[in-house]
1. In contact with an Asp or Glu (Cβ under 6 Å, 6 or more places away or on another chain) and in contact (Cβ under 8 Å) with a residue 24 or more places away in the chain - does that describe any residue in the stretch 79-93?
2. Only one of these is free of Cβ contacts under 8 Å to residues at least 12 places away in the same chain and surrounded by 12 or more Cβ atoms within 10 Å (Cβ to Cβ): Pro3, Pro32, Pro69, Pro53. Name it.
3. Sort out which residues of the stretch 6-17 are assigned to a loop (DSSP other than H, G, I, E, B), more than 12 Å from the chain's Cα centre (by Cα) and surrounded by 12 or more Cβ atoms within 10 Å (Cβ to Cβ), and write them in order of number.
4. Do you know which residues across the stretch 41-93 are under 22 Å from Asn10 (Cβ atoms) and hydroxyl-bearing (Ser, Thr, Tyr)?
5. Quick check on the stretch 71-101: of everything there that is over 15 Å from the mean Cα position of the chain (by Cα) and among the aliphatic types (A, V, I, L, M), which residue is farthest from Ser33 (Cα to Cα)?
6. Report, by residue number, each residue of the stretch 89-104 that is part of a helix (DSSP H, G or I) and surrounded by fewer than 17 Cβ atoms within 10 Å (Cβ to Cβ).
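The values are calculated or read from the model by the stated rules, or taken from the named source; none is laboratory data. Predicted, not measured: the structure shown is a model, and the values here were computed from it. As a convention, Cβ positions derive from the backbone with ideal geometry for all residues, glycine included, and neighbour counts pool all protein chains shown.
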Amino acid sequence: MNPLPPVTGNDATIAALQLIIAGDQYNTISKPSETVAEAAAQVAVQLLNGETPKAETSLYNTPSQLFVPAVVTQENIKELIFDSGIQSPSEVCTGEYAAGCKKLGITQ
């Protein structure tokens, strides 16, 4: 196909972040596990206390709490991933990705 469609991904893995830095992948989706884990822990505590957790919405007839994911691109990867502490440059900006990190201002 010419031109090639943009490559996208999900979960903001280290490999996906590296591909974005290199320009081989357009974007990925970030849903920080800490956010989801915190919500799950709150529900667990409510259940342990004999309370009924309140659902914010329903998805497929199931009480749910939905989170808005962040779309990570080269334009915002530094802010969303590195400045917020989700990943560190030392974990992602290795080997062939070091120059791209420098170009994007992730590292000096």
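1. no
2. Pro53
3. Val7
4. Selection gives Thr57, Tyr60, Thr62, Ser64, Thr73, Ser84, Ser88.
5. This residue is Ala99.
6. Result: Ser90, Glu91, Gly95, Glu96, Ala98, Ala99, Lys102, Lys103.
This table checks each residue for (1) modelled with pLDDT of 90 or more; (2) within 30 Å of Ile106 (Cβ to Cβ); (3) touching a Lys or Arg at 6+ places or on another chain (Cβ under 8 Å).
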position	(1), (2), (3)
Val7	yes, yes, no
Ala15	yes, yes, no
Leu19	yes, yes, no
Lys31	no, yes, no
Thr35	no, yes, no
Ala40	yes, no, no
Leu48	yes, no, no
Pro53	yes, no, no
Leu59	yes, no, no
